[in-house]
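In what follows, a structure is listed as structure tokens, so that the remarks can point back to it.
The values are calculated or read from the model by the stated rules, or taken from the named source; none is laboratory data. Predicted model, so just to flag it, every value in this text is computed and none were measured. Counting neighbours? That spans all protein chains shown, and the Cβs are built from the backbone with ideal geometry, glycine included. Keep in mind that these areas ignore ligands, DNA and RNA; they rest on the heavy atoms of the full protein, side chains included. Shrake-Rupley method; radii C 1.70, N 1.55, O 1.52, S 1.80 Å.
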Amino acid sequence: MTINPNQTIKFSPMHRLQWEEAQQKNVILYPEGMVELNQSSAEILKCCDGTRNLAQIVSDLEQKFATTGIANDITAFLEVALKNGWIQQN
Amino acid sequence: MAGSNKINITPPRWLLAELTYACPLQCPYCANPIDYAKYQSELDTEDWKRVLTQARKMGAVQLGFSGGEPLTRKDLPELVKHARDLGYYSNLITSGYGLTEEKIVQLKEAGLDHIQVSIQASTQELNDHIAGTASFEHKKDVAHLVKKHGYPMVLCVVIHRENIHQMPQILEMAEELGADYLELANTQYYGWAHANRDLLLPTKAQFDQAEQIAQAFKEKVEGKMKIYYVVPDFYEDRPKACMNGWATTFLTIAPDGVALPCHSARELPGLDCPNVKDYSIEQIWNESKTFNFFRGFEWMKEPCSSCDEKEKDFGGCRCQAYLLSGDMYAADPVCSKSPNHHVIQEAIDSAKASALADNEKPLIFRNSKNSRLLS
Ligand code: SF4
Ligand code: SF4
């Protein structure tokens, strides 16, 4: 599964992304399961709000963290996220 | 006490709230204890709220409302709302019996995250026979309504000898109903399933064939439907890592408030399971005799204590060891290294003989009358 660069990306309504105080981590919750996220994955997923496409997410994150050259990492992660059903397009 | 000190105690992540033993269905594989009828008292709403609050504070995040049939509790929406306010991800584990569209909407508004509906078979006749109650058409309606109102829909089918031949139709039905998740749970032989084992345990050939069909289907629906396939450990040569290790992850609270490291643990002798009416969840989890009983590895006997796989499976299931060998400290007899491993083959042979017998004895249905009779 690949990300369509022209479509916006949104976090799946069938999952929940939330900060867990006890674990000091962001997690994805879904029926009978939980995935613990590292900080960068969580930052990427928080951008998946249905208003931005891939390029916009990359540029927003580059700006936010004052960095460049992270497009490949972000794309790779979003592809995993899409395959796992954590995000959706259109 | 066995394994009490110096063990790194991890906080609970999963809370299973068995709200009630009351259930309009009579599944002969029900995981409730055989003697459930003698536990009549139920925690009240305030008790449950306190339990949810305390467990959440320790780090529990996945919450299952189960039973019995949790819908028989009038305060379910109130408990769901409390759970949502605390930040739980809450699951309703239901037979679907008594679930109306109005209730589905009400629970959604209260903050319920998903509904797991169990169906007993792919045909009305068999479903209603196994459930001991006419319920098939209603369950299908419920499944549609769950989808309609935007919940992830989890369909759960418990697999055993009476329905294993329907595997292709069960998969078709799940697809037709639009299940997002399908749990194919091969029967685990505790509680009522243990009592009915001769009638429920499939043969190896039946099991292999069903598994093949399910695996092929899994590939076909990849990305659309997730399938959780629970293997029947009788046909494995290593036991399951039961509960991810005793009191490491899972906390079950029985209807009367008894706290259990696994839902069968109250059948184990001498554990003195604590009640949430007397202690806080933190005291129960960290300090009680019961929760420390099988923590770590010190309690183990040979062959487990010197086994290099003990960190993988923790010696298997304590309840299964007790049920099948009479010794709750023994290796799970499913393990081929267990000196009691032969009891598994005996169980398989006995089930096969029962299937071939001219007059197979009838299933014992889960109801209060049978519960009193058997305990
Ligand atoms: S397994 Fe069947 S009888 Fe047991 S609680 Fe669930 S629906 Fe009721
Ligand atoms: S001997 Fe015990 S620890 Fe080793 S594999 Fe068997 S059950 Fe697990």
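Observations
- Of all residues in the stretch A:31-42 being at pLDDT below 95 and either assigned to a helix (DSSP H, G or I) or open to solvent by less than 30 Å² (accessible area, probe 1.4 Å) (or both), the one that is nearest to the other protein chains (Cβ to nearest Cβ): A:P31
- Any chance A:I9 is touching a Phe, Trp or Tyr at 6+ places or on another chain (Cβ under 7 Å) and modelled with pLDDT of 95 or more: no
- Just so you know, in the stretch A:48-72 the residues that are touching a residue at least 24 places away in the same chain (Cβ under 8 Å) and under 12 Å from the mean Cα position of the chain (by Cα) include one that is most open to solvent (accessible area, probe 1.4 Å), and it is A:D49.
- Scanning the stretch B:304-325 for residues that are more than 8 Å from ligand 2 (Cβ to nearest atom) and part of a helix (DSSP H, G or I) turns up B:E311, B:R318, B:C319, B:Q320, B:A321, B:Y322, B:L323, B:L324, B:S325.
Conditions (1) within 14 Å of chain A (Cβ to nearest Cβ); (2) touching a Cys at 6+ places or on another chain (Cβ under 8 Å); (3) of a type in the set (A, V, I, L, M), marked per residue:
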{"site": "B:H194", "(1), (2), (3)": "no, no, no"}
{"site": "B:L199", "(1), (2), (3)": "no, no, yes"}
{"site": "B:F217", "(1), (2), (3)": "no, no, no"}
{"site": "B:P232", "(1), (2), (3)": "no, no, no"}
{"site": "B:R238", "(1), (2), (3)": "no, yes, no"}
{"site": "B:A241", "(1), (2), (3)": "no, no, yes"}
{"site": "B:A247", "(1), (2), (3)": "no, no, yes"}
{"site": "B:D256", "(1), (2), (3)": "no, no, no"}
{"site": "B:C262", "(1), (2), (3)": "no, yes, no"}
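- Of all residues in the stretch B:50-73, those that are under 23 Å from the mean Cα position of the chain (by Cα), over 23 Å from B:C27 (Cα atoms) and away from chain A (no Cβ under 14 Å) total 2.
- Matching residues, the stretch B:332-364, being in contact (Cβ under 8 Å) with a residue 40 or more places away in the chain, in a loop (DSSP other than H, G, I, E, B) and open to solvent by less than 40 Å² (accessible area, probe 1.4 Å): B:D332, B:V334, B:C335, B:L363
- The residue list B:H82, B:H114 contains one member that is touching a residue at least 12 places away in the same chain (Cβ under 8 Å), within 14 Å of chain A (Cβ to nearest Cβ), buried (at least 17 other Cβ atoms within 10 Å of the Cβ) and in contact with a Phe, Trp or Tyr (Cβ under 9 Å, 6 or more places away or on another chain), which is B:H114.
- Qualifying residue in the stretch B:177-199 (condition: open to solvent by 40 Å² or more (accessible area, probe 1.4 Å), away from ligand 1 (no atom under 16 Å from the Cβ) and either on the phi < 0 side of the Ramachandran plot or under 20 Å from the mean Cα position of the chain (by Cα) (or both)): no
- Among (1) within 24 Å of A:Q56 (Cα to Cα); (2) within 11 Å of another protein chain (Cβ to nearest Cβ); (3) assigned to a strand (DSSP E or B) - the single one A:K10 does not satisfy: (2)
- Taking residues in the stretch B:307-322 that are open to solvent by less than 50 Å² (accessible area, probe 1.4 Å), and partners anywhere that are of a type in the set (D, E), the pairs with Cβ atoms closer than 6 Å and at least 6 places apart or on different chains are B:G316/B:D332; B:C317/B:D332; B:Q320/B:D332; B:A321/B:D332.
- Options A:A81, A:A76; residue that is at pLDDT 90 or above, open to solvent by less than 40 Å² (accessible area, probe 1.4 Å) and not hydroxyl-bearing (S, T, Y): A:A81
- Among the conditions (1) away from ligand 1 (no atom under 16 Å from the Cβ); (2) crowded, with 22+ Cβ neighbours inside 10 Å; (3) under 22 Å from A:A22 (Cα atoms); (4) not aromatic (F, W, Y), the only one that B:I253 does not satisfy is (1).
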